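A.B. asks: My structure is below; once you've seen it, I'll send some questions.
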């Protein structure tokens, strides 16, 4: 067990290093880093000073080591737009995103698991068919378009909800619903197949022979066994959700991390983009690790290879 | 006696069976998916010969004309016009070309890279496998949209950004699936025999592995074709992709956002174009999966 944890931890560290390497290569690919990192109206002296200070005149491997040292000591440079440390800018926008993401994730779990459960229970029936058809439809319809259609209906035509912003409880409804769509179909499909798998297993057959009622089998036995992997795997859908925040926050003018990334792209605020990507990637890698370890704890049948 | 009973039963059952058969004909061939995909392919290839107006021609006298079936609509502008009086139908047809180019180029390139990586990792194993799969891990830990922003910040947005980003997002899917299949194929008799017969690795790859991997590839390509459409639209929508005055479906939705109150038809129809085409690709992918491997048929 300890060996397994250590091995997984090692892999996670290597993956984080890989992400760092990718960010480094992406930065260097653009040509002159000094031009990328400094405001567009920087003078020649400023550019020269930046190059000297960050060792951009050194060999590439030395540059990489310097870059890594900066990243590992949480020194990410200054935001070009705000003239403050990039990390600070990011952390300031983080709460709004976490709030929205949590809300959307809980919503997706509740809706996805219930629909998956209904589909599995009435498999082959009309409920199952319509749920699966809507899953395919959901996959084909761009989520940002669904959001805009929702704005058109609920904000412009019916005037029930505000079009954008983060002000009052009503302003959370549409962004949370939109963000929920990103992991929804996957959670639904996972629940359905997990429940079906347990329903067809030997021990459920035995319970039936024993005369246990179908409802009790579903709630007490099938759901319990199916739900653990579903919830754990749903954690991996958080990656999808984090990507979704960029789109959702842009549509609804939500003052979070996602919209910050787009603003940073538009104003070429490269340091902020670097930190944002690194932060989210690290979070997802750790999450992945946690899910794997969680699996081992809750399901002792999994072997540590 | 018994035999008459049986014939009776058959004759009673015959009519519904026939009807079921007629219904099945529809599902036997992917008619609906192809019908959904066809407009995009035709418009993408022959756009300039089809569009009723020049998609970039500005005419303020007819700005924000609603679709023909609404009050004030005109037959000349079937789906209405935008804030500059440009014909929406023509702009949708022009947008089909970007959609077609992006989906085709990205999905094919990603398929070639991903299949090669997957075969190498699966066949050679060991250090090659470890390195290649770590790269896949790195890719999987960065959400596609963020990867696109990272690339966009370097390349500056536009068509190149879209192409590079989607290829980088997609290749890993092939790599993972193909690696798994290659691992399974590697231990099969015909591959082992080919190795015993001293066939070169290249020959094993191209003659023994690839033909067996092809069905999986084709299914993935079709499914990703739909995903590519949606991602391209999303990238363009958040402002990293196609720039005006060119026309792309995602751009029409993004632009239409500002005119939701006065010209709702722009984002509505542009989104429908994306959704229906992607639906066609997804349905075709599902159909192909069932066709190649009936065991995978959904329960």
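A.B. asks: Checking the condition more than 16 Å from the chain's Cα centre (by Cα), closer than 24 Å to residue A:258 by Cβ and either away from chain A (no Cβ under 13 Å) or outside any loop (DSSP other than H, G, I, E, B) (or both), which residue from B:127, B:135, B:142, B:149 passes?
C.D. replies: Just a single option satisfies the conditions, and that option is B:149.
A.B. asks: Further, regarding this structure: Yes or no: segment B:127-142 includes at least one residue that is farther than 25 Å from residue A:7 by Cα and in contact with a helix residue (DSSP H, G or I) (Cβ under 7 Å, 6 or more places away or on another chain).
C.D. replies: No, segment B:127-142 contains no residue that is farther than 25 Å from residue A:7 by Cα and in contact with a helix residue (DSSP H, G or I) (Cβ under 7 Å, 6 or more places away or on another chain).
A.B. asks: So for segment B:212-233 (the condition being assigned to a loop (DSSP other than H, G, I, E, B) and within 11 Å of chain A (Cβ to nearest Cβ)), does at least one residue qualify?
C.D. replies: No, the conditions are met nowhere in segment B:212-233.
A.B. asks: Next up: Being loosely packed, with under 13 Cβ neighbours inside 10 Å and away from chain B (no Cβ under 14 Å) is the filter here, so list the residues in segment A:115-126 that pass it.
C.D. replies: If the condition is that a residue be loosely packed, with under 13 Cβ neighbours inside 10 Å and away from chain B (no Cβ under 14 Å), then A:126 is the only one that fits.
A.B. asks: Within segment A:23-44, which residues are surrounded by 15 or more Cβ atoms within 10 Å (Cβ to Cβ), at the interface with chain B (Cβ under 10 Å from one of its Cβ atoms) and modelled with pLDDT of 70 or more?
C.D. replies: A:23, A:26, A:27, A:28, listed by residue number.
A.B. asks: Quick test of your reading of the structure: residue B:108 fulfils all but one of (1) surrounded by fewer than 16 Cβ atoms within 10 Å (Cβ to Cβ); (2) at pLDDT below 85. Name the failing condition by number.
C.D. replies: For residue B:108, the exception is condition (2).
A.B. asks: Just for helices (runs of 4 or more DSSP H) wholly inside segment A:196-295: which have at least 3 residues that are more than 14 Å from chain B (Cβ to nearest Cβ) and either within 16 Å of the chain's Cα centre (by Cα) or buried (at least 22 other Cβ atoms within 10 Å of the Cβ) (or both)?
C.D. replies: Fully inside segment A:196-295 and qualifying: A:223-236.
A.B. asks: Scan segment B:239-256 for residues that are crowded, with 19+ Cβ neighbours inside 10 Å and either within 11 Å of chain A (Cβ to nearest Cβ) or outside any loop (DSSP other than H, G, I, E, B) (or both) and report the count.
C.D. replies: The qualifying residues number 9.
A.B. asks: Right, something else. Restricting the search to segment B:262-276, which residues are more than 7 Å from chain A (Cβ to nearest Cβ) and within 13 Å of residue B:39 (Cα to Cα)?
C.D. replies: Of everything in segment B:262-276, those that are more than 7 Å from chain A (Cβ to nearest Cβ) and within 13 Å of residue B:39 (Cα to Cα) turn out to be B:272, B:273, B:276.
A.B. asks: Mind telling me which of the residues A:20, A:94, A:72 ends up being out of contact with any helix residue (DSSP H, G or I) (no Cβ under 8 Å at 6 or more places or on another chain) and either under 23 Å from residue B:143 (Cβ atoms) or at pLDDT 75 or above (or both)?
C.D. replies: One residue alone meets the criteria, A:72.
The values are calculated or read from the model by the stated rules, or taken from the named source; none is laboratory data. Source: prediction; values computed, not measured. When we count neighbours, we look across all protein chains shown, and the Cβ atoms used for this are built from the backbone with ideal geometry, even at glycine.
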